[in-house]
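A.B. asks: Supplied in structure tokens, the structure appears directly below.
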Amino acid sequence: MHTGLGVLFLFLFGFGIAYWYVSSRRGAAIVPINPGYRKILQQSCLYYQRLPAAKRPSFERKVQHFIMLKRFVPRQLVQVTAEMKVLIAAAAVQLTFGLPHIYLRHFKTILIYPDTYYSTISRKYHKGEVNPAWGIIVLSWRNFVEGYVNPGDSINLGLHEMAHALRLENVIRNAEYGFLNEEWMDQWEVMSLRELYKLRKGESHFFREYAGVNEEEFFAIAVENFFERPMEFWSHMPELYRVLCQILKQDPLVLYGYRKAS
């Protein structure tokens, strides 16, 4: 009897390890989304709404797994709501949807403030920030929501901060290290430096002025434009747009139905 129970325990324990390994390494392929989370995506996530029906389950599973991997911490808030978790996760998954096994694992904690907050580190007020030393992403919920009010203004705090986290994750030594294609990243660096030079000279540019601060801000603002103004981005800088498609392994122009997949 005890032997049988022991075998059963080992079997179940081993299955649990296998299940955890599959879900952590393969994007939680067997973990369905919470029905309440799906409803939030259906009502409030434009990217999800634009996805072909066949691709929505993959997006849902990735959102579910992202939420399971992160610790959402309220700051000056009573609680973190399901809506907050789902929409923040959706911003990260939107950016990484072409990178199916990437979950920004280094950033285990997401702090959420109700509004712009004061950082004791920089001694400045912020809308959001990414802290690789502590593995933290910080967001102002009001500013996060405002980023989705006008989906075509190329100002989106969620995408912006997740873009910073993505670049950092790529160079941090962990299981997700070096996931961005090196050849395409090299091309991006050459092109972006050329555009940064134009911005710093004060030349008229498709990106807003803040993109000229440094390479990190240039990339984050490029991501905002990539998803919110893809047609205009492609029209003004087709080669830069093409390279970003290769880096993120997706093309919003195809997703939004402006052109067919090549």
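Any read-out appearing in this document is the output of simple, stated calculations on the displayed coordinates, not a laboratory observation. Just so you know, these numbers come straight off a predicted model, no measurement behind them. Counting neighbours? That spans all protein chains shown, and the Cβs are built from the backbone with ideal geometry, glycine included.
A.B. asks: What nm value, rounded to one decimal, do you get for the distance between Lys260 and Lys108 when each label is placed 7 Å out toward the C-beta?
C.D. replies: Spacing of the two 7 Å Cα→Cβ label points: 4.9 nm.
A.B. asks: May I pose another question? Share of antiparallel DSSP beta bridges in the chain, in percent to the nearest 5?
C.D. replies: The antiparallel fraction comes to roughly 45 percent.
A.B. asks: Starting at the first residue of the range 201-207, write each ³J(HN,Hα) from the Karplus equation 6.51 cos²θ - 1.76 cosθ + 1.60 with θ = phi - 60°, in whole Hz, x for Gly and Pro.
C.D. replies: Result, rounded to whole Hz: 7, x, 5, 4, 9, 5, 7.
A.B. asks: To continue, here is another question. Angle check, please: helix 157-171 long axis (alpha carbons) against the longest principal axis of the chain (alpha carbons), in degrees 0 to 90, nearest 10.
C.D. replies: 70 degrees
A.B. asks: In whole Hz and in residue order, list the ³J(HN,Hα) couplings for the range 57-62 that follow from phi through the Karplus curve 6.51 cos²θ - 1.76 cosθ + 1.60, θ = phi - 60°; x for Gly and Pro.
C.D. replies: Going residue by residue, I get x, 5, 5, 4, 4, 5 Hz, with x marking Gly and Pro.
A.B. asks: Using only DSSP helix segments of four residues or longer, with each worth -39500 (n - 2.57), what per-residue ellipticity at 222 nm results for the chain after dividing by its residue count and rounding to 500? Write out the running numbers ahead of the final one.
C.D. replies: On the way: 12 runs with 147 residues, N = 262.
Using -39500 (n - 2.57) per qualifying helix, the result is -17500 deg cm²/dmol.
A.B. asks: Can you tell me the dipole magnitude for the range 99-183 around its Cα centre, using point charges on the Cβ only (Lys, Arg +1; Asp, Glu -1), in Debye to the nearest 20?
C.D. replies: 340 debye
A.B. asks: What is the gain in length, in nm to one decimal, between Asp153 and Tyr210 on full extension, counting 0.36 nm per residue of separation less the C-alpha to C-alpha distance?
C.D. replies: Values: separation 57, 0.36 × 57 = 20.52 nm, distance 1.44 nm.
The span from Asp153 to Tyr210 would gain 19.1 nm if fully extended.
A.B. asks: Among Trp234, Trp184, which comes first, second and so on when ranked by fewest other beta-carbon atoms within 10 Å?
C.D. replies: Ascending number of Cβ neighbours within 10 Å: Trp184, Trp234.
A.B. asks: Here's another thing I want to ask about it. I'd like the orientation of helix 182-200 relative to the chain: the angle between its Cα long axis and the longest Cα principal axis, in ° from 0 to 90, rounded to 10.
C.D. replies: 40 degrees
A.B. asks: Using the charge dipole of the chain (Lys, Arg: +1 at Cβ; Asp, Glu: -1 at Cβ; taken about the Cα centre), state which of Pro132, Val73, Met191 has its Cα farthest towards the positive end.
C.D. replies: Of Pro132, Val73, Met191, it is Val73.
A.B. asks: Efficiency by 1/(1 + (r/R0)^6): what FRET value for His236 and Leu77, r their Cβ-Cβ distance, R0 = 30 Å, to the nearest 0.05?
C.D. replies: Result of the calculation: an efficiency of 0.15.
A.B. asks: Under unit Cβ charges (Lys, Arg +1; Asp, Glu -1), what dipole magnitude, rounded to 20 debye, does the range 180-262 have relative to its Cα centre?
C.D. replies: For the range 180-262, the charge dipole is close to 360 debye.
A.B. asks: Something else: Over the chain, what is the relative contact order in percent, taking alpha-carbon pairs closer than 8 angstrom and at least six residues apart?
C.D. replies: 14 percent
A.B. asks: Provide the per-residue ³J(HN,Hα) series for the range 132-142, in order, calculated from phi with Karplus coefficients 6.51, -1.76, 1.60 and θ = phi - 60°, each as a whole number of Hz, with x at glycine and proline positions.
C.D. replies: Computed from phi, the couplings for the range 132-142 are x, 4, 9, x, 10, 10, 10, 9, 8, 5, 4 Hz.
A.B. asks: Measure nothing but the geometry: give the 0 to 90° angle between the long axis through the Cα atoms of 238-248 and the longest principal axis through the Cα atoms of the chain, rounded to 10°.
C.D. replies: Once rounded, one gets 10 degrees.
A.B. asks: To the nearest 20 debye, what charge dipole does the chain have about its Cα centre, counting +1 at the Cβ of each Lys and Arg and -1 at the Cβ of each Asp and Glu?
C.D. replies: Charge dipole of the chain: 820 debye, to the nearest 20.
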